């Protein structure tokens, strides 16, 4: 009864589901059900789990942060034999490929997965370990090697007759069983050189494999057959069972030629054969020469065709049973011509050799030289520089030399040299001269002489038509004078087209760069910049139309290079002019001219490949992205002569800035050329509190006091540096071998000492104690010094803050036209995407952006890359277009910027020297003050974490005010790295900072370590309300995709920071299969939802991520019970797309996703959860980063 009732309930349940499916749409429901079933089955196979609810959503409660070292994977017994290695890897690969087939299978991803799994299992994977036999239907050969080098051959394929399921076959047992064959090496040990897959009319699959030549001396091929779909392949035929198949593996070439309506191709082989080969011993193949490497060998071409059972038995079915030799011929070479002539001379049939010589009297000369007498002849080819070529088979017939040096190894006084020319009408080689030579000792002679083959004396028939000799089962054709042959390919070089970038004119946002000021260096009070020589290109016969452009000339237009490879700066407007320099992608350029046709630009490049700066030349217009139009740019004719007058220097600007304080901030890119301040609200230019500098020691007796000049930040120590001495005279200093130090109080230390520093810190305006030796006086009269030691004692004066006004941001945000902020991984710059599809460049050098706080009115932070010893800066911009650009103190780098909910900015600065010191700075909008709040070192973090031998450097992650609106009491959250071991994620800490009446902060709580080293990975992302910290981790007990020592994260955790459940870490999501990991990105959507990326390794070398899906993790509301469930919804991108980036929009419901198709095209999509995305725009390929989203459409 119970069984009957269960059946009835099941029947009713099925009926109910069917009715609902019909109402929702039968076809859609069926498609989704099939997809879900296939995915579930693949997941179950991959993980070995049932379809019961996964425990990943169950809360992992911890009353306090768990400080447990990284777990070690459960020890797995090392396989005891190659068979065990093969079986373990084969089973794992089958699971992975099955999972991939249920998601978005491609041959490239299948190959990448097979290789990754081999590395994960500790197997060796070399280029010969993988060979794709067929792409459609997919079939591949894999042969990873054990740590001892034993190959483990196996096959994988998709069965198109069974729904494209993955099938495979382990070939290890077949490979090691070589009984009955002469070859000692296991089958397929070296891998596959060529392979072909075919199906006959009865549906039987055949697999033809030619083994790579490394394993055995004789070329080897196999024919496999799969008698039934899904059945294992079996060896049907082997080449080493054929007596005619004796081709040398190393010097032979193999190609497949398909015939129409044939299931398998012909095998065409070209190469040398041994003397006892049946092909060689047949009539027509002379054996005059002893042919063995490295001496010259004749080459033969043989065609093998599929052998049918009906060819052997007329009553049998026409099924393939092997291969047979159908045709063979001697390839025309100088050696085959000479061998034929010598054989005819020795047989007394000299008249038959007349067609093989250029002049009849050459035969008489050969007779007079005694060449009619037999000998142990050996030959070697000689190239055009009189060097003997040690290539017996000479595999490249098209490059055969036309000289042969040959000798009698039994009597080496009989040494001769013959020259030939090729008859291009027939392909035959004709003898043109012959003479005696002294045998070179470097010829690599064989002593004693190798045994000669035993020839069978027969008359050689040379006829006007090809001689066809019947050998029973095949024919052999000798080339004749009238026989056609392929001509030698021409060896003249051909031009290679240069890859250029052409923006797509339609269906893509228009990239409109905004003009920016050209960085202009200003002078320090004591430094006088030295004039520099402008390198002049080497004169050529054709004059170079490059006008003289003064260094101070103001360009009518600026731009930058957009290149996919090194560009060419030429001496004139055309490709026939010489290349005077190389240009890299992103190089800023000043534009001074354009040809009347608009195809070439006269530019001044900021820098070129060889280190020069300010180089003038011509470049193709399509390689430059301008900051505006060309209306004001002077015109030039096609020959480079000016239509308009060339630009002149502005004398009124030449001396600007002298005698005033140096503004290093002026060298930074500005957002707009003429900032226009907005009225409401007003950001006041803050004042900056300057921390006191300790006492500076006096210079030693042998030290000079100099002030660095020039304009480069960071300094280039490989070039002479400009400076001024105490008398104000200009000098140049060579610092390539100098020891560079800095006085520690210059960097903020309370106790002074000399600290090692990088020569890149020799900025303009820095005061230095120099110990040096005089070198010379340059052409401008400046003394040159070779520095032994450079000690920095004073930093240059500089501005640290500047007001910003960006009307483009203000207008787009106010009119609700702003959609997103885009960037590029290949070039600097940030672009504002608006509703009309325009992507307008707002910043030139910045490369990243993020929202400052949960309130969008608090604005966002824009950053640019920091280079060692260079300027470090960030910009804070609000939606009304106003903001501040803040620069770190000289010789410091900014490590983390955070904002509170009330417009305050906080950041940490650390010195660019080996000094354990960090400073916390604060901008208070209420007082318009920038102040130093706290100074410390890494010891406080080392003590809190117990890492006594580490030097931890903090990076600010977030700031939370204890009392709303009061910045005098705040919690700081900081991540750390170890400056000694250069290891990131050395501990995540929280500390409380209280500020006294004098504005100096004191740590009153902490540092408290919230996450221990080894237990987390980045990025670390705090929720908008700062109540939760999201982070990644690698769980060694949870199977996921890895690559060698690379262990990407497979677990996503959330740490509650405040309120109910504080200090509890919960596992919010784990990877769903062992063949994936989590992408290195996460974004909060409110305080209860996080967006993640499912990832795998991209096909090809390297560890590049390939995001194939998105995950929406739903957390309980803040303050809920720590036991409340966590749910996750996954979306797999269709059509094998990859996600490049994603960002949460301000509406709290939408996610913008930037995707890339397999053909390289990019789309910006809107995702609102669920199983559907909505396309918005096509995005140009260079813009492959997404940072901010205002609204989805």
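Just so it is clear, none of the values below were taken in a lab; they were calculated from the coordinates. As the structure is a computational prediction, the values presented were derived from the model and not from experiment. Using ideal geometry, Cβ is built from the backbone for each residue, glycine included, and neighbour counts are taken over all protein chains shown.
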Out of all Cα-Cα pairs in the range 1079-1152, roughly what percent, to the nearest whole number, are more than 18 Å apart?
46
So how do 415, 945 line up by other beta-carbon neighbours within 10 Å, fewest first?
415, 945
With the range 186-337 reduced to its Cα atoms and the Debye formula applied, log10 I(q)/I(0) at q = 0.15, 0.21 1/Å amounts to -0.82, -1.36
Provide 417, 329, 234 in ascending order of the number of other Cβ atoms located within 10 Å of each residue's Cβ, fewest first.
234, 417, 329
Given points 7 Å out from each Cα along the Cα-Cβ axis, report the residue 326 to residue 784 separation in nanometres with one decimal.
7.4
Rounded to a whole number of µm²/s, how large is the Stokes-Einstein D of the range 100-238 at 10 °C and 1.306 mPa s, given Rh as the Kirkwood radius over C-alpha pairs?
102
Any idea what diffusion coefficient the range 741-800 gets from Stokes-Einstein, in µm²/s, Kirkwood Rh on alpha carbon pairs, 4 °C, 1.567 mPa s?
100
Viscosity 0.692 mPa s, temperature 37 °C, Stokes-Einstein D of the range 699-794 from Kirkwood C-alpha radius, µm²/s:
247
I'd like to compare 620-628, 298-306: which one has the highest average count of other Cβ atoms within 10 Å, and what's the full order after that?
298-306, 620-628
Give me 1189, 1145 ranked fewest to most by other Cβ atoms within 10 Å of their Cβ, as a rough exposure proxy.
1145, 1189
Given a Förster distance of 41 Å, the FRET efficiency implied by the Cβ-Cβ spacing of residue 355 and residue 387, rounded to the nearest 0.05, works out to 0.85
Residue 106 versus residue 803: modelled label distance in nm, points set 7 Å from Cα along the beta carbon direction:
5.1
